[in-house]
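Take a look at the structure below.
The values are calculated or read from the model by the stated rules, or taken from the named source; none is laboratory data. Just so it is clear, the structure is predicted and the values come from calculations on it, not from any experiment. Ideal geometry is used to build each Cβ from the backbone, glycine not excepted, and the neighbour counts take in all protein chains shown. The protein model used for the area step is the full one, side chains on, heavy atoms only, and it has no ligands, DNA or RNA in it. Shrake-Rupley method; radii C 1.70, N 1.55, O 1.52, S 1.80 Å.
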Amino acid sequence: MVDWSILWQAPNGKTLLEALLLTFQIAAISWVLSLIFGIGVGLLREAPIATLRVVGTVHVEIFRNIPLLVQLFFVYFIFPRILPASAKHVLFDYGWEIVASIITLSLYSSAKIAELVKSGFNTIGAGLRMAAASSGLTWWQSQRHIFLNLLLRTIAPGLASEFVTIFKGSSLAMAVGVAETTYVTRQLGTETFQWLPVNVYASAVYLFCAWGIAGVMLLVEKRIAIPGRIGE
Amino acid sequence: MQEYLSMLSALLRYNVTLTLLAVAMALPIACACAFGRLSRIRWIAIAMRVYVNTLRSMPLVMVMFWIYMIVPMISGRSLSAYWSALIALTCFEVAYFTEIVRSGVQSISSNQFAAALATGLSRFQAARYVIIPQALQRMLPALLTQSLIAFQDSTISSIIGVPEMLQETTIINAREQAPVHYYALLALTFLVICYGTSRIVRHMESRIGAYPRKS
C-alpha cells in the first residue's frame, strides 16, 4: 500500500525540510568556493611565471582524474590527520562530514571551472591580450580590469552546468553520513518501506532544483551576454 | 601488497566490467535515441528530450535507487546490486551519449544526407552508412571522455553495495586501520588510469582536428 502521507507526517516533514536546507547549504557554499578556487587556478594557468602554470595544471589534472567519491573519502579520512588540533576541534564541532563534503565538492569543481576559464581565455583571443599589454597595463591590471569581466560573461553557460553538477554531487555526501536529502530519504524508506513516495520526493527535489538553476542561469546569461558574439 | 592486489582485482572485476558493459550497451541505444531526438515525428523527439533532460538532472545514485526499486516491482524477482548498478549506469550514459551523438550528427552537413538519398539509399541506410560513420569519427574524443567519466562514476555503485574498488578499500581499511596508505593508493590508481587515458584522447583529438573539416 503506497502511503504518501509519510512525507509530511509529524517528525518526517521537519526532517526532510532540514535535509533540504542542508542540501542547499552544501551546494551554495561549494558554488562560491569552487568559483573562487576555479578562477584562481584558471588565472594561475595563464600566469607569466612557468612554475605557477605548472601548479595550476597539476591541480586540474589531479582533481579531474580522481572520482568525486574517492576524493571525498580521501579528504574525510586524511585531512583530519594533517590539521592542527585546534582547527580539528572547530571543524568536528561543526560536523566534519559536512565540511569534508564542501571541501571536496569545491576542489573537484574548481578543476572543471579552471578548464572553463582556460577555454574562455582562448575564446577571448590573444589579440586583446596583446592590446592590453601594449596599452601599458601590467599582467594583473589587465586581468583585473579587462579579462575577468569578459571571462565571466564568456563562461557563464559552462558555469551553469557546473552549478547543476555540484548540486547533484551533493547527494554523494550521504556516503560519509551527511543527513542531506538523499541520506534522509534513504533512512525514511528503510524505516517505512514506502520506497515509491520517498524516491519520487528525492528525485523531484533534484529535478526541480536542476531545472530552476538552469532557468535562472539562462536569464543571467541573456542579461550579461557580450553583444555581437555569435550565438546570442 | 596482498591488500593492493585484492583492491586491483575489485577494480578489474567490478569497475572495469561495469564501465565497459554500460558503454557497449549505451552507445547503440544512444545512436537510436539521437535520431529519435532529431526525428520529424514530434512526440518521439519530445519523449527523447524529456528522457535526456531528466536523466541529466538527476544524481546517478538516485537512478541506481530507482532501478533497484522498480525492476523487482515489474519482474517480481529481486535484482542484485551489480545488475542494478549496471542498468542504472547504462540508462545514465544513454542520456549523455545521446547529446554527444546528436551534436556529432548535426555537425555533418545536411547536403551529405541529401546526396545519400539522391543515390537511392533509404533514410535508414543513409544514416547507417553515410552519416554515422563520419559523425562517430568526429565525436570519438567526446565519447571517450564521457566513458572515462562513467569509469569514475562506477565507484558510486559502492553506495548500493557493489564490492568494487572503493568498497574493497573501505573494507581493507576497517581491518588494517591505515587510511592514508590505502586511500592514497586508491586515488593514485584512478589518477594514473584516467590521466593516461585522457592524454591518449587529447592526442586523438589533435589528430582528428588535423583532418580537413567542413565548416
Across peptide A:60-68, what mean number of C-beta atoms from other chains lies inside 10 Å of a residue's C-beta? 6
Which of the listed residues, B:F97, B:F113, B:L20, is farthest toward the dipole's positive end in the protein assembly as shown, when Lys, Arg count +1 and Asp, Glu count -1 at the beta-carbon? B:F113
Please give, to one decimal in nm, the separation of the simple spin-label points placed at B:T17 and A:W140, each 7 Å out from Cα toward the Cβ. 5.7
For region A:125-198, which chymotrypsin sites (Phe, Trp or Tyr not before Pro) pass both filters: DSSP loop (anything but H, G, I, E, B) and at most 15 other C-beta atoms within 10 Å? A:F193
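Span-like helices, chain B: DSSP H, alpha-carbon axial extent 24 Å or more, mean Kyte-Doolittle 1.0 or greater, which ones? Spell out each step's value before the answer.
Numbers: long enough: B:17-37 (29 Å, 1.74); B:81-107 (39 Å, 0.81); B:132-153 (29 Å, 0.52); B:179-209 (44 Å, 0.63).
Helices meeting the criterion: B:17-37.
Using helices alone, I'd like the mean residue ellipticity at 222 nm for the protein assembly as shown: each DSSP H run of four-plus residues gives -39500 (n - 2.57), total over residue count, nearest 500. Write out the running numbers ahead of the final one.
On the way: 19 runs with 343 residues, N = 447.
That comes out to -26000 deg cm²/dmol.
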Filtering chymotrypsin sites (Phe, Trp or Tyr not before Pro) in region A:1-50 by DSSP loop and by at most 14 other Cβ atoms within 10 Å leaves A:W8
What's the Kirkwood radius of the protein assembly as shown in Å, using all Cα pairs? 24.0
Considering only protein heavy atoms and a 1.4 Å probe, what is the carbon-and-sulfur percentage of the accessible area of region B:78-192? 62
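Just the number, please: buried accessible area between A and B, total of both chains, 1.4 angstrom probe, nearest 100 square angstrom.
Roughly 2800 Å².
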Quote the accessible area belonging to B:H181 in square angstrom, nearest 10, computed with a 1.4 Å probe and with ligands, DNA and RNA left uncounted. 110
In chain A, if the dipole is taken from +1 on Lys/Arg beta carbons and -1 on Asp/Glu beta carbons about the Cα centre, which of A:G158, A:F63, A:A47 is farthest to the positive end? A:A47
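For region B:132-215, which chymotrypsin sites (Phe, Trp or Tyr not before Pro) are both in a DSSP coil and crowded by at most 15 other Cβ atoms within 10 Å?
none
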List, largest first, the extents of the alpha carbons of region A:25-179 along their principal axes, each in whole Å. 53, 32, 25
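Rounded if a/c is under 1.5, else prolate if a/b is larger than b/c, else oblate: which is region B:71-182, with a ≥ b ≥ c the root eigenvalues of its Cα gyration tensor?
Numbers: a/c = 5.41, a/b = 2.22, b/c = 2.43.
It is oblate, given that a/c is not under 1.5 and a/b is not larger than b/c.
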